[in-house]
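Since the structure comes first, as structure tokens, the remarks are kept for the end.
No value in this document is a laboratory result; all are computed from the given coordinates. What you see is a predicted model; the values in this text were computed from it and never measured. Note: ideal-geometry Cβ built from the backbone for every residue, glycine included; neighbour counts use all protein chains shown.
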Amino acid sequence: MDAFRVGARDWERPEWASGFYPGDMPPEWRLSYYANEFNAVLLPPRRWLGVRDGVIAEWADDVHEAFRFFLELPSDRRALGRVEAVTELLGGLCGGVLPAPGTDGPRGVPAYHSLGPPGPPGVTRFRAPGPEGGGDLLLVELTGGLTLPRLRGLLDGSDAGGARVGGVFFEADVLDTELMHQARLMGELMGLG
């Protein structure tokens, strides 16, 4: 991973329709707008699995070359063919996959596997073996507020014995983009990526 990644689980979020995104913005422009603010997105299977190839290709055209898509993989191994097709369509914009426990991703794409507990509540740490990963990915599922000192502890690796963090994705019922901006700034100041 060449840069510190900050993003959300999906860029289409109901609470962003008239808050983060300008109210008069056409929905088809939202990914480009999101990609100008953040450099990665984590896509759950429901978001990409049944999407036509042409739409995936449009997604790739809508973002800049430093942006990365990360795909959460379903546990159904029969979907591997579709995973391979989507990662091929995304090409170098695919930063990696997060396979379900006990499964693998397609060859040639970094697979970030969950390290499982122990860890802070609401935080899942993922690691790709070997040099292609470049740092752990964190999925932070917010059920309450996240203080800046706790965010710093997550990013500096003190919650995982000093393991380097290469990216963080946020998920919440109502996700505040200000926290994502703070994470990006904090990562830059800490020299991550």
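Among Leu137, Cys94, Ser114, which residue has its Cα positioned farthest towards the positive end of the charge dipole of the range 34-193, with +1 placed on the Cβ of Lys and Arg, -1 on the Cβ of Asp and Glu, and the dipole taken about the Cα centre?
Ser114
Can you compute the modelled spin-label distance between Ala57 and Leu189, with each label point 7 Å from Cα toward Cβ, in nm?
4.4 nm
For the pair Ala85 and Thr147, how long in nm is the line joining their label points, each one 7 Å along Cα→Cβ?
Taking the simple label geometry, Ala85 and Thr147 are separated by 4.9 nm.
Can you give the convex hull volume of the alpha carbon atoms of the range 10-118 per residue, in Å³? It would help to have the intermediate numbers written out before the result.
Values: hull volume 13.1 nm³, N = 109.
Normalising the Cα hull of the range 10-118 by residue number yields 120 Å³.
Which whole-Hz ³J(HN,Hα) couplings does the range 16-29 yield from phi under the Karplus relation 6.51 cos²θ - 1.76 cosθ + 1.60, θ = phi - 60°, glycine and proline marked x?
8, 4, 10, x, 5, 8, x, x, 9, 6, x, x, 6, 9
Which value in Å does the Kirkwood hydrodynamic radius of the chain take, with 1/r averaged over all unlike C-alpha pairs and then inverted?
Details: mean 1/r = 0.0591 Å⁻¹.
Taking the inverse mean of 1/r over all distinct Cα pairs, the chain comes out at 16.9 Å.
If I take every Cα pair under 8 Å that is 6 or more residues apart in the chain, average their sequence separation and divide by the length, what percent do I get for the relative contact order? Intermediate values should be presented prior to the final figure.
On the way: 309 pairs, mean separation 44.2, N = 193.
Reported as a whole number, the value is 23 percent.
Between beta-carbons, use under 15 Å as the cut-off and find the net charge around Leu31, counting Lys and Arg +1, Asp and Glu -1.
Values: positive: Arg9, Arg13, Arg30, Arg47, Arg68; negative: Asp10, Glu12, Glu28, Glu37, Glu58, Asp61, Asp62, Glu65.
Within the 15 Å Cβ shell, the charges total -3.
So for the chain: antiparallel DSSP bridges make up what percent, rounded to the nearest 5?
Roughly 20 percent of the beta bridges in the chain run antiparallel, per DSSP.
For the chain, what is the charge dipole size about the Cα centre, in debye to the nearest 20, if Lys and Arg each add +1 at the Cβ and Asp and Glu each add -1 at the Cβ?
Numbers: 18 positive and 27 negative charges, 123 e Å.
That gives the chain a dipole magnitude of about 580 debye.
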